[in-house]
1. Filter region 134-144 for residues that are out of contact with any Ser or Thr (no Cβ under 9 Å at 6 or more places or on another chain) and either open to solvent by 60 Å² or more (accessible area, probe 1.4 Å) or assigned to a loop (DSSP other than H, G, I, E, B) (or both) and give the result.
2. Looking at Ile159, Ile170, Ile187, Ile177, which one is touching a strand residue (DSSP E or B) at 6+ places or on another chain (Cβ under 8 Å) and open to solvent by 50 Å² or more (accessible area, probe 1.4 Å)?
3. In region 63-74, is there at least one residue being at pLDDT 95 or above, open to solvent by 50 Å² or more (accessible area, probe 1.4 Å) and within 16 Å of the chain's Cα centre (by Cα)?
4. Is it the case, given these coordinates, that Gly127 is open to solvent by less than 10 Å² (accessible area, probe 1.4 Å) and of a type outside the set (S, T, N, Q)?
5. With respect to Gly90, determine if the residue is in a loop (DSSP other than H, G, I, E, B), over 25 Å from Val165 (Cα atoms) and open to solvent by less than 60 Å² (accessible area, probe 1.4 Å).
6. Starting from residues that are assigned to a helix (DSSP H, G or I) and within 18 Å of Gly171 (Cβ to Cβ), keep the ones in region 196-224 and report whichever is most open to solvent (accessible area, probe 1.4 Å).
7. For region 225-246, give me the residue count where each residue is crowded, with 24+ Cβ neighbours inside 10 Å and in a helix (DSSP H, G or I).
8. Which one of these does Phe112 not meet: (1) in contact with a Pro (Cβ under 6 Å, 6 or more places away or on another chain); (2) buried (at least 22 other Cβ atoms within 10 Å of the Cβ)?
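The values are calculated or read from the model by the stated rules, or taken from the named source; none is laboratory data. For clarity, every value in this text was computed on a predicted model and none was experimentally measured. Cβ atoms come from the backbone with ideal geometry, glycine included; neighbour counts cover every protein chain shown. What goes into the accessible areas is simple: the full protein's heavy atoms, side chains included, and nothing from ligands, DNA or RNA. Shrake-Rupley method; radii C 1.70, N 1.55, O 1.52, S 1.80 Å.
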Amino acid sequence: MSDMKQYVDDILDLVSKRDPDQTHFKNTVAEVLKSVIPLLEKHPEYKQHKILERMIEPDRIITFRVPWVDDKGEIQVNRGYRVQMSSVIGPYKGGLRFHPSVTLDILKFLAFEQVFKNALTGLPIGGGKGGSDFDPHGRSDNEVMNFCQSFMTELYRHIGPNVDVPAGDIGVGGREIGYLFGQYKRIRDSYDAGVLTGKRTDYWGSLARTEATGYGLLYFVQDMLDAKGIDIAGKTVVVSGAGNVATYAIEKAQEFGAKVVTCSDSNGYIYDPDGIDLAAVKDIKEVRRARIKEYAATHPNAEYHEGCKGVWSVKCDIALPCATQSEIDLESAKLLVANGVQAVGEGANMPSTLDAIAYFQSHKVLFAPAKAANAGGVATSALEMSQNSERRQWTFEKVDKRLRKIMSRIYRDAKKNAELYADPDDLVAGANITAFAKVADVMLAHGLV
């Protein structure tokens, strides 16, 4: 066993001993650190200065009580979090997630991923993540407002345009961002437009931010396919999810000439052999906030299936997991490979388990890892911060053009380092090495902090 492999194993043992129940966090740390062993062997100074030991420990973790009153006049209590992982490259940057599945383990894993994803963008942003176990689904606007105001009443003291800039994530869309921003402004008595991103454009949000993660995913996948001489036009695509990422991944895939045949929500998925009617999906999910099963009632050739896992049994050329973490396990990966999948592009945060990724790679499936392929959302959030600093708003076309360039640069950097340190097609290792080196080198420059 090499000295650096032993070093990484020792770090993973340390993570297990400190937080034995945090399996998601341990998995993401393992995924990153194991892939950068070739880089560590060329740069022993990273070990000498305890870079790994410092990277795995957040700068700070904030937990707090969130009391609020529902429409029945009853007091409810939820738990709030903010994990400020690293501000080495810039202010902490990462979304807020409101969902019953939110735990410290989930948020630490997401924050750790965010550090490296943000580094890949080449923009001055660090990494963080936050949220609550509050579930906005089925709640009235008034209840969501009450919760958001209570949540921000604590969070405001820990954030700021030059300190920590949250955005949306699962369960936190334009409505929630509006209530959070209004309460922040009310408490601070200051119009700090850059304190939150994902805002509506009429109060200085960025055009193209809503579309950015889904569009960016397709830009990355297109570059990956182009490098192999594969045209995305005419390909059959399976997409999971029906939120912003999935919606605009479908939109851009259709624009590129692909045929998207599925989307899903937490209850089940629809399969439409005629191709997804995106206008209908937007009406169901964005306007009426209803369940995706309603799609089948108005599209006679479409099928609705309870449960989400079955979406990966649908035959396709390209799979785009855009729902949540760990949605593609080894069994699902085997189904996709058996059905002839050529490429997988991760739109959600780590939607494929480690053994699923290994299976795809061993079967020569082109694989676009989340921290690279879904970086378009946070990249455009950083562009929103720039616009807020300038007190101006760029056109949709300018933002989208910048996004396209950023995603192409991320692909080129990941490809270059994959060729230099690993298998030329191993974009997981390429992305991890690129991002790790950027963060580690700045940590060395800043000294022991």
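1. Residues of region 134-144 out of contact with any Ser or Thr (no Cβ under 9 Å at 6 or more places or on another chain): 134-136, 138-144.
Result: Phe134, Asp135, Pro136, Gly138, Arg139, Ser140, Asp141, Asn142.
2. Ile170
3. Checking region 63-74: not a single residue is at pLDDT 95 or above, open to solvent by 50 Å² or more (accessible area, probe 1.4 Å) and within 16 Å of the chain's Cα centre (by Cα).
4. For Gly127, the condition - open to solvent by less than 10 Å² (accessible area, probe 1.4 Å) and of a type outside the set (S, T, N, Q) - is met.
5. Against the criterion (in a loop (DSSP other than H, G, I, E, B), over 25 Å from Val165 (Cα atoms) and open to solvent by less than 60 Å² (accessible area, probe 1.4 Å)), Gly90 does not qualify.
6. Filtering region 196-224 for residues that are assigned to a helix (DSSP H, G or I) and within 18 Å of Gly171 (Cβ to Cβ), the one most open to solvent (accessible area, probe 1.4 Å) comes out as Thr210.
7. Counting residues in region 225-246 that are crowded, with 24+ Cβ neighbours inside 10 Å and in a helix (DSSP H, G or I) gives 3.
8. Condition not satisfied by Phe112: (1).
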